[in-house]
Structure formats: C-alpha cells, structure tokens
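Below: one structure, written as structure tokens.
The values are calculated or read from the model by the stated rules, or taken from the named source; none is laboratory data. Since we're looking at a predicted model, the values are computed, not measured. FYI the Cβ positions are ideal-geometry reconstructions off the backbone, even for glycines, and counts take in every protein chain you see.
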C-alpha cells in the first residue's frame, strides 16, 4: 500500500478511494459524531452544518463545557426517544398517504427529566445546568426509515408485525442533572 500525506478533507477522500475504501465510508469521512462526556455543563445553544446522505442539514447543538474545554453535543442526542411499547399503531388519518400502514411510537424519553417537555422547554431546562452521564445502554428504537438507493426513505409498514420487527436497539448514555 502507498503511503499518502494528506492536507485536507478532499485529499483524505481521494486517498480512501485509491485504497478501495467503500463509498459509504468515504461519504461519511468528514462527519463528526459527538460522544457524551462523563460530566459536563451546558453553556449555550449553537448549530453546525453537516452533510448527511449528500444533503446539507443544520444540526442544533448544545455548547457544553467539560472541565475547561468546550465542545458540542447534538440537541437530538439528549432529547432522544425510545419505544417503551411493542404495540404497533395503524395510521387512520383521512387523506394520509400512509393510511392503513403501521408504526410503533417512540414514546419515552431516554432522559427522564425531559418527559413531558417540548424540545424548546427541554433546551431552556438544560441551560447552565451540570450533568453526569450514566454508562451507555441499548434502548428499543423504532424507525420508519429504510435505505433505498443510498437515501433514507420514510416507509411505514403493511402489518403490525413488520412494524414491531423494525424496533432495533440503539445505544444512548442517559444523563442526570447534578
């Protein structure tokens, strides 16, 4: 294998392509995935742009302080929900293109203190608070999205059983206010 010195993201992508790394990995090579530190304080709200499946999206994030270092955690990572039920619901809304299809509700918050709050109320409740994270654990999460031609497409299920089978474990670190 060649040894390649890189100076920017495009050169890293070109090197990966030369090495034969998968296109999916190359597409995600400049993505940044936040981890939740053991202890942190939320000091504000910010946002960043991220390219996800070829689309530029704005990701709202908490600016957090870990000791003397500032970092960011996506708001959605702390506001996450999971399916605390294995009962599928049929979509019955008149005029919906998904009428007669099934889904499972992600109806509980990973972080218990967020239960019953809107996203805006949750953000306000977190400001200037200190948190301590629990060890990561898997939560049952439902998603109506499936991959088609490299894109995530929303598709609800034809049967309740198919919807329930779409519940997959997703790992989260729950946090508690200190």
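Here are the numbers for the structure shown:
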{"quantity": "Some residue of segment 32-43 being closer than 21 Å to residue 142 by Cβ and touching a strand residue (DSSP E or B) at 6+ places or on another chain (Cβ under 8 Å)", "calculated": "no"}
{"quantity": "Residue that is assigned by TED's automatic domain parsing to the domain that holds residue 89 and surrounded by 14 or more Cβ atoms within 10 Å (Cβ to Cβ), where the choices are 145, 156", "calculated": "156"}
{"quantity": "Output for segment 110-154, where each listed residue is within 30 Å of residue 100 (Cβ to Cβ) and in contact (Cβ under 8 Å) with a residue 40 or more places away in the chain", "calculated": "119, 139, 140, 141, 142, 144, 150, 151, 152"}
{"quantity": "Those residues of segment 134-178 which are touching a helix residue (DSSP H, G or I) at 6+ places or on another chain (Cβ under 8 Å) and not in a loop (DSSP other than H, G, I, E, B), in sequence order", "calculated": "142, 157, 172, 175, 176, 177"}
{"quantity": "Residues within segment 39-60 that are exposed (fewer than 12 other Cβ atoms within 10 Å of the Cβ) and part of a loop (DSSP other than H, G, I, E, B), tallied", "calculated": "1"}
{"quantity": "Test for residue 50: is it assigned by TED's automatic domain parsing to the domain that holds residue 136 and at pLDDT below 85", "calculated": "yes"}
{"quantity": "Qualifying residue in segment 69-92 (condition: without any contact (Cβ under 8 Å) to a residue 12 or more places away in the chain and more than 27 Å from residue 57 (Cβ to Cβ))", "calculated": "yes"}
{"quantity": "Qualifying residue in segment 92-99 (condition: under 22 Å from the mean Cα position of the chain (by Cα), surrounded by fewer than 16 Cβ atoms within 10 Å (Cβ to Cβ) and assigned by TED's automatic domain parsing to the domain that holds residue 165)", "calculated": "no"}
{"quantity": "Some residue of segment 28-35 being surrounded by 14 or more Cβ atoms within 10 Å (Cβ to Cβ), at pLDDT 85 or above and closer than 22 Å to residue 76 by Cβ", "calculated": "no"}
{"quantity": "Pick from segment 114-132, criterion crowded, with 17+ Cβ neighbours inside 10 Å and in contact with a strand residue (DSSP E or B) (Cβ under 8 Å, 6 or more places away or on another chain), ranking: farthest from residue 55 (Cα to Cα)", "calculated": "131"}
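For every residue, the table says whether it meets (1) within 18 Å of residue 171 (Cα to Cα); (2) outside any strand (DSSP E or B); (3) at pLDDT below 95.
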| residue | (1), (2), (3) |
| --- | --- |
| 73 | yes, no, yes |
| 85 | yes, yes, yes |
| 97 | no, yes, yes |
| 117 | no, yes, no |
